[in-house]
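Notes to accompany the following structure.
The values are calculated or read from the model by the stated rules, or taken from the named source; none is laboratory data. Note that this is a predicted model, so its numbers are computed, not measured. With ideal geometry, Cβ positions are generated from the backbone for all residues, glycine too; neighbour counts draw on all protein chains shown. The accessibility values were calculated without ligands, DNA or RNA, using every heavy atom of the protein model including side chains. Shrake-Rupley method; radii C 1.70, N 1.55, O 1.52, S 1.80 Å.
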Amino acid sequence: MLDRGDRMLKLTNVTKIFPNDDRKILNQITLDANRGELIAVVGKSGSGKTTLLSIIAGLEKVTEGNVVFDNFELTTLNEDQYASFRNENVGIVFQEFNLVEELNVLDNIMLPLSLSSAEYNDNKKQAMQLLKKFRMEHIYKRLAKNLSGGEKAKVSIARAMIQNPDIILCDEPTGSLDNENASIVFQTLKQISKDKIVIVVTHDDALIEDFATRLIRIHDGVIESDQSRIPKPVQQQSTYRLKPKKGNNKAISKLLTNQLFRRNNKTTLSLISLSFSFLLMLLSTMLLFGFKYNSLESIRQISNEAEYVGYKINNTMIAQSDLEYLNSKDNIDEAFMQVITSILVKSETVTFGTTFETITSDVGQFKLKKQLVGSYPNTPNQVIISYDFAKELVGSNLSESDMINALNNVTLTAIFTEDIEHIFEVVGFVKINTKDNHIAIFYRHSDFSTWLDTQDRDSIRLDQEQLHVLFDTTKNINKHIKAIETERGIILNKATAPLEEYIEGEYRFLTSVLLATSMISIGLGIATIYMQIKNSIKNQTKKVSILIALGAQKSIIHNLFLYESLFLGVVGFMIAILLASMCGVFIDLVLSSQFIMILADYQNIVIEPVRILASGWLIYPVFFVVMMSLIYIGCNHILKTSNFYTISENLKKD
């Protein structure tokens, strides 16, 4: 049974042995302390004075013995429970004061409140009242690192008092102060000890004589003497109850902001490293998906999904009866032999070598109709030409409408043989930009077939003839293709199939290369976050120790570093998106001058370079979620394997 007398704080047979050290830092310490006492603890360096304060505050666990506060046994508490007890009932004044230098006076004083209360405005009001009591309201915005020694001492005491704790623990609070400021500190401690337990580790004998109500001497971990200068005050019997705490997110956010932006160089380097890793990942993935899907989309834009090319199974010629059969089908709009050949074309002043290509009679089935400027041929002598050809004929500085008006006055003569010519009227052009100067004429196949029947066909050499079939719909198209193969032995394939197969092959190659790059980039990003958190914990040991001493639970410390990693991840990812978009513009410009795809069956028709990075926008959310999840998991692992309560060692000075 615990002693339920009038003692407020009682240590019974407390022994402390640190790991890997057989020496007893504290050896069977038994003492009690009551409200109204200012207890001075003296002894040589290393005698166990600071360890005694740490045991009372719960910063160190006892090896043996009990610590009881108001009939409540503290040694049964876990770390987070002891943190709550410390935050509510213990105020600590350190030898070096240990203020958070990145915070101002007001925020430093508010820290204990911020760790336990969600009412930020109430906390601020309470802190300002305490500042007025210490006559420091005029410096409440001053950063802690800009304070004098005396000001730091006052702020440290004010921070220890802000929760109105029952116990004030002071570790050499006057060690770095002059006599005047040291006296002010002890006067303040004497005043607040009227209704509190104040325990002070000190070497200042003069101040002990003037202010201490009780003197305890420790030697080699044992209480050598315990002298009271006044009668011990009588205490009311009470029983302490541990209260649940809820932290202040606004205060934690402010700590995080200062943690990041007071370390500009380190934060900037981390963001640069993260952004580079994410940028590699984004560009790799954007190129991977963009190459395939935007290339295929570009093909679809200049092709007809219902257009098929064919040949006979036995490689015999497509006969006129085959064309009649195909054109008799209800689901086929048109079947014809497309001609592609090289000819000479002359205008009034210039002769050009050009490509001559026959096209569908139906403008609705024309695969380049979206790029058509002007009219579609509707009489036997009308043609459309390529954009490059149009610029050669009338110049490149004209508007589209002026270019059409100028072309209407141009007469072209196509030379098929020395004796066979055909005069054409230009009614439009196909606006496609190409890398090389591309000269082409497009003529309706029905008009060409009619004209060809009037000529000596044996004397006209045609480079290529291929069956083209235009279905009226893609619905059940495979069924119709199978029927044609069965009935006439004609094999039909999509007109764009060869190019799509080429793109698929290139895509498979890019997949292996770019996915490997993406995985490396993800690894670099995770490694950067991992090192950032580890270095952040290492470099901010003192700050973490201060927060722990003020009663911060593990979850608060955990969130502080977790939010830092997520902040860096989010900002780094956003920077990477911006850079990826800028790089995308540059890559598109390069591709616009270098990358041209040619349709297998239309060697004279080129596709405008695709914007490869466009589809990358679709993968941003996916990779963002993946990266943030990996960062969260990695950060959790680091924090769970870090014992924060051992780093409070740097606050001890025996």
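Which whole-Hz couplings ³J(HN,Hα) result when phi for each residue of the range 442-458 is put into the Karplus expression 6.51 cos²θ - 1.76 cosθ + 1.60, θ = phi - 60°, listed in order with x for Gly and Pro?
Values, residue by residue: 10, 10, 4, 5, 5, 5, 5, 5, 5, 5, 5, 5, 8, 10, 7, 5, 5 Hz.
According to the Cα gyration tensor, what semi-axes, each the square root of 5 times an eigenvalue, does the equivalent ellipsoid of the range 1-80 have, listed from largest to smallest in whole Å?
21, 16, 11
In this model, which of LYS24/LYS543; LYS24/LYS44; LYS24/LYS534 are farther than 27 Å apart at the alpha-carbon?
LYS24/LYS543; LYS24/LYS534
Could you tell me the largest-minus-smallest coordinate of the C-alpha atoms of the range 22-174 on each of the three principal axes, in descending order and whole angstroms?
48, 34, 29
What is the ratio of the Cα radius of gyration of the range 22-68 to 2.2 N^0.38 Å, with N the residue count, to two decimals?
Compared with the compact-globule rule of thumb, the range 22-68 sits at 1.19.
Can you tell me the order of 335-348, 124-137 when each peptide is scored by its average per-residue count of other Cβ atoms within 10 angstrom, highest first?
The packing order, highest mean first, is 335-348, 124-137.
If the reach is capped at under 18 angstrom between alpha carbons, list the aspartates and glutamates near LYS542, excluding any in the same chain fewer than eight residues apart.
Within the straight-line cut-off, LYS542 pairs with GLU60, GLU96, GLU101, GLU102, ASP107, ASP171, GLU172, GLU564, GLU649, ASP654.
Over the range 72-116, with every protein chain in place, what whole percent of the accessible area is carbon and sulfur at 1.4 Å, could you tell me?
38 percent
Could you sort 106-113, 210-217 so that the peptide with the highest average Cβ count within 10 Å comes first and the rest follow in order?
In descending order of packing, they fall as 106-113, 210-217.
Heavy-atom accessible area of LEU115 with all protein chains present, probe 1.4 Å, nearest 10 Å²?
Surface accessible to solvent at LEU115 totals approximately 10 Å².
Report, in listed order, any pair from LYS152/LYS190; LYS61/LYS152; LYS10/LYS133; LYS369/LYS479 with a Cα-Cα distance greater than 23 Å.
LYS61/LYS152; LYS10/LYS133; LYS369/LYS479
Please work out the Cα convex hull volume for the range 339-379 and give it in Å³ per residue.
It comes to 113 Å³ per residue, whole-number rounded.
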